[in-house]
Amino acid sequence: MPDTAPDQMPSDLLDLARAAKGFMPGDEGDLLFRIALERLPHGPGLEIGTYCGKSGIYLGAAAQRVSRATGATAVVFTVDHHRGSEENQAGWEHHDASVVDPEFGLMDTLGQFRKNIARAGLEDHVIAVVGQSRTVAAHWRTPLSLLFIDGGHGEQPARDDFAGWAHWVDTGGYLAVHDVFPDPADGGRPPYELIYLPALASGAFSEVAVQGSLRVLQRTQGSAGDPL
Ligand code: SAH
Ligand code: MG
């Protein structure tokens, strides 16, 4: 049954997503899969913050299902410099020494991403863009059916991600934001204060779903490229 239920991932992909290294709880990944399934028939999706491709498997599984249903290749771009966020560096809480490149003494999650997406058979659907989110955004011109922001959680990266990307969400499209913590006791402020609140304050988005720290907003005013 799980393989055919309309809003559930095939169990083999679900196992791979659950096992992949990363920061996406299962129930939030399930919501990502469902919103991607809904939106990807309308155009490409984009994620900021690939890490090792854990969330990418949920998004890619949806893209694969949409492709099979429509006959056109649905895709999700995923942007990351693969050098880790502040909180992933040595000495910080979310550091993982197995993803450090010894030659440069810097994190490198690109290889893990590639393996995870290849294992899942999703290479046609999850397209890596390797670089600074801000730089990629400056050249981006394509309306998005779904934008998932899960990149740097410092103040500047959060500001840049909102300013550089949110306006590319098309009418009816979703802006999903991870690590949104309204209560400071639960976690860092920037995704809440500098992405989630400004998106709501712009008047262009309204909230449609919440699971854990994952918030999903829908663009109800304006269209892709219009300033917010
Ligand atoms: N979505 C992932 C977790 C992402 S962790 C999962 O499911 O596991 C955040 C990622 O954002 C890190 O891999 C880090 O390298 C990336 N990142 C942080 N700041 C960035 C920036 N300014 N540009 C590009 N990527 C960035
Ligand atoms: Mg996150």
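So which residues in the stretch 140-152 are assigned to a loop (DSSP other than H, G, I, E, B) and crowded, with 22+ Cβ neighbours inside 10 Å? Give the steps one after another, and end with the answer.
Just the residues of the stretch 140-152 that are assigned to a loop (DSSP other than H, G, I, E, B), to begin with: 140-143, 150-152.
Across the stretch 140-152, the qualifying residues are 150, 151, 152.
Examine the stretch 130-139 for a residue that is assigned to a strand (DSSP E or B) and under 30 Å from residue 222 (Cβ atoms), and state whether such a residue exists. It would help to see each step written out before you state the result.
Of the residues in the stretch 130-139, the ones assigned to a strand (DSSP E or B) are 130.
From what's left, under 30 Å from residue 222 (Cβ atoms): none.
No, that holds for no residue.
Taking the stated definitions as given, is residue 43 more than 16 Å from ligand 2 (Cβ to nearest atom), in contact with a Leu (Cβ under 8 Å, 6 or more places away or on another chain) and not β-branched (Val, Ile, Thr)?
On the way: more than 16 Å from ligand 2 (Cβ to nearest atom): yes; in contact with a Leu (Cβ under 8 Å, 6 or more places away or on another chain): yes; not β-branched (Val, Ile, Thr): yes.
Yes, satisfied.
Assuming residue 186 fulfils every condition listed in (1) within 12 Å of ligand 1 (Cβ to nearest atom); (2) under 20 Å from residue 207 (Cβ atoms) apart from one, which condition is it?
Unmet for residue 186, out of (1) within 12 Å of ligand 1 (Cβ to nearest atom); (2) under 20 Å from residue 207 (Cβ atoms): (1).
Could you tell me whether the stretch 167-177 includes any residue that is assigned to a helix (DSSP H, G or I), more than 15 Å from ligand 1 (Cβ to nearest atom), crowded, with 17+ Cβ neighbours inside 10 Å and at pLDDT 95 or above? Don't jump to the end; show me each part of the working.
Of all residues in the stretch 167-177, those assigned to a helix (DSSP H, G or I) come to 167-168.
Still in the list and also more than 15 Å from ligand 1 (Cβ to nearest atom): 167-168.
Narrowing further to those that are crowded, with 17+ Cβ neighbours inside 10 Å: 167-168.
Remaining after also requiring at pLDDT 95 or above: 167-168.
Yes: one or more hits.
Of all residues in the stretch 93-120 being free of Cβ contacts under 8 Å to residues at least 12 places away in the same chain and surrounded by 14 or more Cβ atoms within 10 Å (Cβ to Cβ), which is nearest to residue 19 (Cα to Cα)?
If we take residues in the stretch 93-120 being free of Cβ contacts under 8 Å to residues at least 12 places away in the same chain and surrounded by 14 or more Cβ atoms within 10 Å (Cβ to Cβ), then 95 is nearest to residue 19 (Cα to Cα).
Is at least one residue of the stretch 166-183 under 18 Å from residue 39 (Cα atoms), away from ligand 2 (no atom under 16 Å from the Cβ) and hydroxyl-bearing (Ser, Thr, Tyr)?
The answer is yes; a qualifying residue exists.
Could you list, ordered by first residue, the pairs with Cβ atoms under 9 Å in which the first is in the stretch 142-168 and free of Cβ contacts under 8 Å to residues at least 40 places away in the same chain and the second is assigned to a loop (DSSP other than H, G, I, E, B) and within 8 Å of ligand 1 (Cβ to nearest atom), at least 6 apart or interchain?
158/151; 158/152; 160/132; 160/151; 160/152
Of everything in the stretch 104-129, what is of a type in the set (A, V, I, L, M, F, W, C), part of a loop (DSSP other than H, G, I, E, B) and modelled with pLDDT of 95 or more? Give them in sequence order. Give the derivation first.
So in the stretch 104-129, the residues of a type in the set (A, V, I, L, M, F, W, C) come out as 104, 106-107, 110, 113, 117-118, 120, 122, 126-129.
Filter again for part of a loop (DSSP other than H, G, I, E, B), leaving 104, 120, 122.
If the condition is that a residue be of a type in the set (A, V, I, L, M, F, W, C), part of a loop (DSSP other than H, G, I, E, B) and modelled with pLDDT of 95 or more, then 120, 122 are the ones that fit.
Yes/no per residue for (1) of a type outside the set (S, T, N, Q); (2) in contact with a Leu (Cβ under 7 Å, 6 or more places away or on another chain); (3) within 16 Å of ligand 2 (Cβ to nearest atom); (4) not in a helix (DSSP H, G or I):
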{"site": "28", "(1), (2), (3), (4)": "yes, yes, yes, no"}
{"site": "31", "(1), (2), (3), (4)": "yes, yes, yes, no"}
{"site": "55", "(1), (2), (3), (4)": "no, yes, yes, no"}
{"site": "64", "(1), (2), (3), (4)": "no, yes, no, no"}
{"site": "73", "(1), (2), (3), (4)": "no, no, no, yes"}
{"site": "77", "(1), (2), (3), (4)": "yes, yes, no, yes"}
{"site": "94", "(1), (2), (3), (4)": "yes, no, yes, yes"}
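Looking only at residues that are assigned to a loop (DSSP other than H, G, I, E, B), touching a residue at least 24 places away in the same chain (Cβ under 8 Å) and of a type in the set (Gly, Ala, Ser) in the stretch 1-26, which one is farthest from residue 93 (Cα to Cα)?
20
Looking only at the stretch 51-59, decide whether some residue is among the polar types (S, T, N, Q), modelled with pLDDT of 95 or more and either over 12 Å from the mean Cα position of the chain (by Cα) or farther than 15 Å from residue 211 by Cβ (or both).
Step one: list which residues in the stretch 51-59 are among the polar types (S, T, N, Q), which gives 55.
Still in the list and also modelled with pLDDT of 95 or more: 55.
Imposing the further condition that a residue be either over 12 Å from the mean Cα position of the chain (by Cα) or farther than 15 Å from residue 211 by Cβ (or both) reduces the set to none.
The answer is no; no qualifying residue exists.
The values are calculated or read from the model by the stated rules, or taken from the named source; none is laboratory data. Note that this is a predicted model, so its numbers are computed, not measured. Heads up, the Cβs are rebuilt from the backbone with ideal geometry, glycines too, and the neighbour counts pull from every protein chain shown.
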